[in-house]
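Step one of this worksheet: look at the structure below.
Just so it is clear, none of the values below were taken in a lab; they were calculated from the coordinates. It should be emphasised that the depicted structure is a prediction, and the values quoted were computed from it without experimental measurement. Quick reminder, even Gly has a Cβ in these numbers, built from the backbone with ideal geometry, and neighbours come from all protein chains shown.
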Amino acid sequence: MQQARTGPPGAARGWLDALAVVVAGFAAMAVVAALGLWAAGADDLPDGGFPAVLAATLALAVGGSVQLDGGAGHFAQVDAGITAMPLSVGLVGAVVMAEVFLRQLRFRAVAAGGELLGRIGRTVAIWLLALVLLTIGARHTFEVPLGNDLVQSIGGALGLTPEVGFHADGPSTIGIGLAWLLAVLAGTFAVSRRAPLPGTLVPYQQAVRPAAFALWLVLLACVAIGVVAAVLTALVHGNARHTMAVVLLALPDLAWLAFGVGLGAEWHGRLTGAVGLPVPKPLSEVLRAPDGQQATVSLGTLAEHDPRAWWLLPIAAVLLLAAGFLAAYRSPRTVPLWQHAVRLALAAAVTIALIGAWTRVSADYGLSVLGVGVDQGGLGGLLGAVLGGANPLAGLGSGSLTLRLDLWTAVPLAAGWGLLVGGLGALLAARVGRRGEVRTEPPADIPMRR
């Protein structure tokens, strides 16, 4: 029987391994994004724009931004931009890439630092090439009807055909996309026991991996709860296609925001008009403050519009307590309680900071003709398709949505939660036996031989 290869790969094999990681990740993201866009109605886009919209969605999924522009000279002008991560797409891509990367390192307990850096470097090189190709493909131009008969007649008489196009912003897509990949690889080594580390780092893995793995499971549990809620919503209220679009494109955005709100974190933002994003009604009502003022999304403000929002607090507390127990259970008994608390506090603080970066939204658009805003459905439909909205805009000439986490209060708050539940979890785990433990004393009901 041929023995499994355990050494570092050759040059050709190393590049093929890196190519497999990148191709698998993009293929998984493309499938999820295509299904989500289809459910959102983007399959009806004219001029064969679906592939370009798909590429733009992938660019957004890795942290890039999409700009909308166009018009008809000085007659009509478009001003728009989108920064919003469809986290369902990015989450699937990250999980698939991490799995493929780890499978190439199976049967390894320890790996040389040079080998790991070589693998990461080759993966980064191919990833950057893929991002460049993605930005090239994420651009398209549509001929857009203005929607107003008088304006349309004037435009026809002048021989002006307004057009609107979009393109992925190259610097942000490539730069933030690179940071996204490095974060995925760093998270893979921080979370997974299967990831081999250099010998010098092995002693430190117990300080990071149990807490990181526990918080990773919390994020996945939030998504699972969101799926259940989405299915129940579809059964009660119908519109399964809209629900499918939300699940396939933006479910983690909403689920992780709800988890942060349950911990007491606050988001600030505003919503004017409509931009096609799948925003729940209580959240949209909070963001739609009078006169376009800045609004605060918190447990209290959401509960004013829907009292069920108070359930977010006990759900978040139970999930975080379970994380504290699991982190302590996966750690050696020799770790003192205060260390469990500090480690979970750090993990919770990093997690809420990442949630803040992932759920940041900035989306706005406007169409003006001769300096006057007009009603126009084509641009709204395009923007809604790119963002994953199941009900693209119609009859609106402008709109904007901004949403940002208040990191200065959210991070210390999450750290405080981590200290509390980390200590409580360690107390609970101390009463539970670990696998592989050997009793040092015989059970009391078995007599000892004299």
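Each of the peptides 266-273, 182-189 was scored by the mean count of other Cβ atoms within 10 Å over its residues; in descending order, highest first, they stand as 266-273, 182-189.
Among residues other than Phe166 with Cβ under 9 Å from its Cβ, the summed charge is 0 (Lys and Arg +1, Asp and Glu -1).
Near Gly269: Cβ cut-off under 11 Å, other residues only, Lys/Arg at +1 and Asp/Glu at -1. The net charge is +2.
The mean sequence distance of close C-alpha pairs (under 8 Å, at least 6 residues apart), as a share of the length of region 229-313, puts its relative contact order at 28 percent. A cut-off under 12 angstrom between Cβ atoms defines the neighbours of Val21, and their net charge, with Lys, Arg +1 and Asp, Glu -1, is +1.
Listing Phe166, Phe213 from fewest to most neighbouring C-beta atoms within 10 Å gives Phe213, Phe166. Maximal additional length on extending the Ile225-Val31 stretch stands at 67.6 nm, based on 0.36 nm per residue less the C-alpha distance.
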